[in-house]
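Everything below concerns the one structure shown next.
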Amino acid sequence: MSARVSSSGVAFGRRTAAAVLASPVLTLLVFFAGPLIYLTWVSFTRADIVGDGSFTFDNYAEVLGEPIYRSIFLDTIVITVTAMVILFVVAFPIASFLAFRAGKWEIPMLLALVLTDELNPLIRLYAWQIVMNKEGVLNRFLEAIGLIDEPLTILFTKTAVVVVLATGSLAFVVIPIYAALKTVNRTLIEAARDLGAGWVTILREVLLPLAATGFIAAIIIVFVPMLSDFASPAVVGGREGYMIASLIEEEFNARGDWGVGSALSFVVLAISAVMVWVSIKISKVGRL
Amino acid sequence: MSAEQTAATGGARARSARPVVRQVFWTIHRRELVTRIASAAMLAFGALILFGPFILLAFLSFNDSQILAFGFRGFTTRFYEEALGDAAMRESLRNSLVVAGLTTPICVALGTLGAFGIARFVFPGRGLVAGSLTLPLVVPSLLVGVGALVTFSKIDVPLSLYTVAVMHIVVGFPLVMAIVTAALYRFDRSLEEAALDLGATRRELMWYVLLPYLVPALAAAAIFVFGWSFNSFTVTFFTVGSERMFTVWVFSKLRRGTNLPTVNAISTLVTFVTVVVVYIAYYLLRRSAVRSGQDVRSLVAGGPQQ
Amino acid sequence: MSTVGERDRAEAGGARGQVTPALELDRVTKRFDDVVAVDDVSLAVDRGEFFSLLGPSGCGKTTTLRMLAGFEEPSEGRLLLDGVEATQIPPFKRPTNLVFQNYALFPHMSVYRNVAFGPRRAKLPKPEIDRRVREALHTVQMDALADRMPAQLSGGQQQRVGLARALVNDPLVLLLDEPLGALDLKLRKEMQIELKRIQREVGISFVYVTHDQEEAMTMSDRIAVMSHGRVEQLGTPREIYFHPTTRFVADFIGTANLLPATLVLAGERPQVRIGEVLADAGSIGSLPGREAVEGDAVSLMVRPETLRVMRERPEDGVALPVEVSEVIFQGTGIRLDLQGPGDAPIVALVPADAMDWRPGDHAHVQWDPDRAHVVVEPAS
């Protein structure tokens, strides 16, 4: 049998493919798909008779119907979307600076960004709590330079959560956009300028469409995890910054209502899926 | 020409030019100057936002004061002694490190297998399998954690470090797979053909050409997944039961008080170790990448999208 | 249309006739979905021969080479190496080695280890490996740089290492895929001479793929000119240059002046009519299997350097009236772009110290009939 080197590299037999993929796929099925399937089942049962009981839509009815849930969902969307918008606005200039004008600082700065990912998120939350406290650093600083007369309540507000979410995910947004921008051929931009294109045109025609790919990646890597984040609201959100993830955690731990908890989780999943789909659509439009 | 030189010669030229021209000239240069200042400011602000809080923690950890105080009361390391003396804290650190250390090699193994299966074979349904194997990265971690919780409960498996490890593996190996797949796609096919042409069997090709090429990517993947596992919160929270793990331990402390000097101390310590490890890892990675002719940036920034 | 194949299989025994050719392609075809990349190609390469596959991009030469190496499998036909059927043999078992256009040196191995790769896979004893590697490096004059890494080498140096890495295995046939394509002109010309020298020294058959006809003419013992997957003509550089059988070959090699004509007499002393004029020719290259017939539309080929350009109409012999459109000084000579009867473009090369020509001048061209050649294909 000749070893045909196909476009995907040396092509082995189909049986080898199956052998190679067996363990990853099995792990996936047993420990990922399995629990999710069971969780779906749980979401269709009532809390008191978990596992035994009858199939019911009650959980979803409650979750989608009751206004309390709806307001929490709304709060969550507001917080996360605000954080994402801030992130994109801030990340794009940073990513383009990094991709085009950083020169010898490019790798150290990239390294610094990657470093922020590796730092423990709970430690970061803890630090921000200290900063935003009524007697905290930020207030002391603002008082000291005379901007305010009495301490602002930053902690335990929605704003606090937005700040924390945005600062925690900056690297994850900058890096995909940076990677996408890096694929631009320098000479392409020079050619565009030579033909009379101003910065705005170059931005619109060349850079933003490219950043679009990074945009989708950012949504998946950053936005979706935000919906799972109950640590941030717990530490700095308080009452006002209560998010859907906090509620889910409460349902599971404090209240033991697994049915509602799982139903809520799947609503979160649905929202995530919609957001990903929307972002793909938007980036396609942007590319036109 | 550097900006300084341009400014200098430009300045000389500007002074000798007519007033109108001079105005226009300085407007252009002012714009360049403004951009530079703006960039510097933006970067300074960014650095402050990203690293400021941690520096603050470091400061507080050495500050001899039980309560949150901005003024420096005196240098002390007693909080560090206290922290390291806390058995619960030590246990949580140890457990987190052990779980990360255990799950990393398994994730690398599974992830590499997956990457090879996707990148180097052609079979019907390949797209579907590839997509499925990246699902754990895309699905909200809440669902993964909560799903694990209910399932383990249903099948009467008590929550322990093992349940944590298992779930870390499930979400960790797609991460490795993404990095390694990207590296495999970047691999120069003509090197493969050269190896085959020179008499290497497919096995020898893997061992002598492909694997050495993959070493930087594998190392980067291992570092990423170790860090991910150590810092993991959501999934760990739901599967840890009564065991102690570091991130969850910090969370439980946070629910109690605002300024906990021992927490400051251990946080600073962990952060410091992280920084050191990341820098060492970077230098090692860079050396190995250069040795096999690759660009470090593609390892770092190359991920699912590249 | 397999007629080229038939004739070449007869010719394919090559210059040396009876000895088994090092390599033989027997009616090989390669299809990719509906595209036919290689169409019924037959050829044979002798031992110690420098053989070139020449043609424009997309003509199938690289695909043919890859089939020789074992990276593509023929859709039809057979491949024989040293007389033995090798069509199904995988690349790592074939006695062929490939020199790549992009060098394909293993970046994580030194020059020495790159070259030693083949012998190591063959499990030769260590001293033997070392001896061979040193010898190969010496042949390509890279002894001093044995410990360098590929990233530290220039393009030309990398190419030499690639060559050494292939040669060290003492292959039956060395396959070269446009190896000099990435080098600058001067280096390329130097390497051409180097390669030829090495080939003579080592005595291995080379199959060399290129689109550069000058390169092929300089280095080859025989050339197969390919177009659209078929071998248009197979022959020595002289044969191809002076007696092309098709318009494509005539045009592709050097500059050809193809004058539209009608065949008057076929045979040993062909004769054609151009307009009103009857011209003799020295040779006729018919498409094999299809004899030229009187009355056929053909082309009379005269190479630019064989034309004589003069102001006055010569008294005897065939001459064509022309008008000068461009005069280009080329260093070694002057190129005259002329317009002949019926606005046919004619290019002439005259010595640099020839008469002063200006665009717009009227002149006549004449040539030695023995050096004119009839191509049995219409001029356009």
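The values are calculated or read from the model by the stated rules, or taken from the named source; none is laboratory data. None of the values given here were measured: they were computed from a predicted structure. Using ideal geometry, Cβ is built from the backbone for each residue, glycine included, and neighbour counts are taken over all protein chains shown.
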Just one listed residue, out of A:174, A:164, A:184, is modelled with pLDDT of 75 or more and more than 25 Å from residue A:102 (Cα to Cα), and it is A:164
Test: residue C:340 is at pLDDT below 90, surrounded by 12 or more Cβ atoms within 10 Å (Cβ to Cβ) and not basic (Lys, Arg): yes
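Residue-by-condition table, conditions (1) without any contact (Cβ under 8 Å) to a residue 40 or more places away in the chain; (2) assigned by TED's automatic domain parsing to the domain that holds residue C:354; (3) assigned to a strand (DSSP E or B); (4) surrounded by 15 or more Cβ atoms within 10 Å (Cβ to Cβ):
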residue: C:248; (1), (2), (3), (4): yes, no, no, yes
residue: C:260; (1), (2), (3), (4): no, yes, yes, yes
residue: C:268; (1), (2), (3), (4): yes, yes, no, no
residue: C:294; (1), (2), (3), (4): yes, yes, no, no
Against the condition more than 11 Å from chain B (Cβ to nearest Cβ), under 30 Å from residue A:95 (Cβ atoms) and among the β-branched types (Val, Ile, Thr), how does residue A:235 come out, does it pass? no
Name the residue, out of B:36, B:73, B:31, that is modelled with pLDDT of 70 or more, under 30 Å from residue A:142 (Cα atoms), of a type in the set (Lys, Arg) and over 30 Å from the mean Cα position of the chain (by Cα). B:73
Flagged in segment B:194-208 as in a helix (DSSP H, G or I), within 10 Å of another protein chain (Cβ to nearest Cβ) and surrounded by fewer than 23 Cβ atoms within 10 Å (Cβ to Cβ), in numbering order, are B:202, B:204, B:206, B:208
Looking at segment A:196-288, what helices (runs of 4 or more DSSP H) fall wholly within it and have at least 2 residues that are surrounded by 19 or more Cβ atoms within 10 Å (Cβ to Cβ)? A:208-218, A:224-228, A:244-253, A:258-287
Just to check your reading of the model, which residue among B:101, B:131 is of a type in the set (Gly, Ala, Ser) and farther than 30 Å from residue B:266 by Cα? B:131
Listed residues A:99, A:83; which is touching a residue at least 40 places away in the same chain (Cβ under 8 Å), of a type in the set (Gly, Ala, Ser) and away from chain B (no Cβ under 11 Å)? A:83
Single match in B:56, B:110, B:50, B:93 (criterion: facing chain A (nearest Cβ under 9 Å), touching a residue at least 12 places away in the same chain (Cβ under 8 Å) and assigned to a helix (DSSP H, G or I)): B:110
Filtered residue count, segment C:73-94, keeping only those that are more than 10 Å from every other protein chain (Cβ to nearest Cβ), surrounded by fewer than 18 Cβ atoms within 10 Å (Cβ to Cβ) and farther than 15 Å from residue C:30 by Cβ: 5
So which of C:146, C:164 is modelled with pLDDT of 90 or more and within 33 Å of the chain's Cα centre (by Cα)? C:164
All but one of (1) more than 8 Å from every other protein chain (Cβ to nearest Cβ); (2) in a helix (DSSP H, G or I); (3) surrounded by 14 or more Cβ atoms within 10 Å (Cβ to Cβ); (4) of a type outside the set (Val, Ile, Thr) hold for residue B:105; state the number of the condition that does not hold. (3)
Among the listed residues B:211, B:218, identify the single one that is under 20 Å from residue B:101 (Cβ atoms) and surrounded by fewer than 23 Cβ atoms within 10 Å (Cβ to Cβ). B:218
Across segment A:90-145, the tally of residues that are of a type in the set (A, V, I, L, M, F, W, C), part of a helix (DSSP H, G or I) and farther than 28 Å from residue B:246 by Cβ stands at 15
Of the residues A:68, A:79, A:86, which is outside any loop (DSSP other than H, G, I, E, B), in the same structural domain as residue A:170 (by TED's automatic domain parsing) and more than 23 Å from the chain's Cα centre (by Cα)? A:68
Any residue at all in segment B:228-239 that's at pLDDT 90 or above, outside any helix (DSSP H, G or I) and within 8 Å of another protein chain (Cβ to nearest Cβ)? yes
Anything in segment C:131-157 that is small (Gly, Ala, Ser), over 19 Å from residue C:200 (Cα atoms) and within 13 Å of chain B (Cβ to nearest Cβ)? List them, or say none. C:151
If we ask which residues in segment A:182-214 are at the interface with chain B (Cβ under 10 Å from one of its Cβ atoms) and under 30 Å from residue A:161 (Cα atoms), their number turns out to be 2
Cross-chain or 6+ apart pairs with Cβ under 9 Å, segment B:269-296 first and in a helix (DSSP H, G or I), then at pLDDT below 90 and of a type in the set (Asp, Glu): B:274/A:118; B:275/A:118; B:277/A:118; B:278/A:118; B:289/B:295
